[in-house]
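Just so it is clear, none of the values below were taken in a lab; they were calculated from the coordinates. None of the values given here were measured: they were computed from a predicted structure. Cβ placement follows ideal geometry from the backbone for every residue including glycine, while neighbour counts extend to all protein chains displayed.
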Amino acid sequence: MLEKPVVMIDFETTGMSPEQGGRATEIAALRIVGSEVVDRYVSLINTHSRISSFITGLTGITQAMVDKAPPVAEVIPELLEFIGSDTLAAHNASFDEKFLLAESNRLGLMPRHDGVICSVKLSRRVFPGLSSYSLGPLASALGIRFKGSAHRAEADAEVASSVILHIASELQERYAMQRITPQLFQEINKLSAAKVPAFLQKHGKIHGQAEPIQNPGRAEKVQRFRHYKGGVYELVCEATQESDLTPIIVYRSHNGSIWTRPKEVFFEMLEIDGVQVQRFTPIV
């Protein structure tokens, strides 16, 4: 799914900003290759900082836990070695990258990662209109479950990784994209939400001879399909994907936005609660 590796990180900290004295207490870094997490680096961090009762209540991390943890001078070099030159990702990336840079600078070290992806910004642009983009509510809206305690680094990084992969899958289905690169995500991060649909349609690289479903001179009926979740869409045409000549269906939602799916996916059967249903059913 992802063409190049991405390392999802999450820091737990004593405060919101290193400029205001905040220090790292825990780090998780998960390497995503293709469509799965293949490697991880997780550690508590001893920065000789005081852990407030508020932080303990929020994260479950106690003073005793960090006092016994590996020192920051050991953890950060290992973390930077793990990340290497892969692209970095985080949920609210400016926060986590800020702590990564601050802790690295204290040791005279410089991270080598190839740019940053923010999964909050990605989610806002690919799934506009959600009530919240905080990790917990967002994961719930996308059907992603926490496998551990929220506000612990590994559990948060695991869910954020699932969010990134969910977004990649959505782009593949919605825009028939076969190549999902870290650079694509970075470009989406930089765009305003209003510009994202046109950008993604362009990068889907759809081409082919259109087979229009309505001839104004003959007043033919528009062919409509109902999605198994309830939405109604109009068929625009059948086309061919430029990258591998895959047959695709081009269709239009009620708000005029254009979507695409491989033809075999558009007409495939799904099992929902033990019942076979067609992804899109013709409306007669």
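A few points about this structure:
- With 0.36 nm allotted per residue and the present C-alpha distance subtracted, the Arg279-Thr246 stretch has 10.0 nm of extension available.
- Amide H within-cut-off set for Met177, under 5 Å, with H built and near neighbours excluded: Gln172
- Extension gain for the segment Arg145 to Met269, taken as residue separation times 0.36 nm less the Cα-Cα distance, is 42.1 nm to one decimal.
- Gain in span if fully extended, Cys237 to Val222, counting 0.36 nm per residue against the direct Cα distance: 4.3 nm
- Between Ser192 and Ser169, the modelled labels are 3.2 nm apart [label points 7 Å from Cα along Cα→Cβ].
- Note on the chain: helix-only mean residue ellipticity at 222 nm, from DSSP H runs of 4+ residues weighted -39500 (n - 2.57) and normalised by residue number, equals -10000 deg cm²/dmol.
- What you get for the chain, charging only the Cβ of Lys and Arg (+1) and of Asp and Glu (-1), is a dipole of about 980 debye around the Cα centre.
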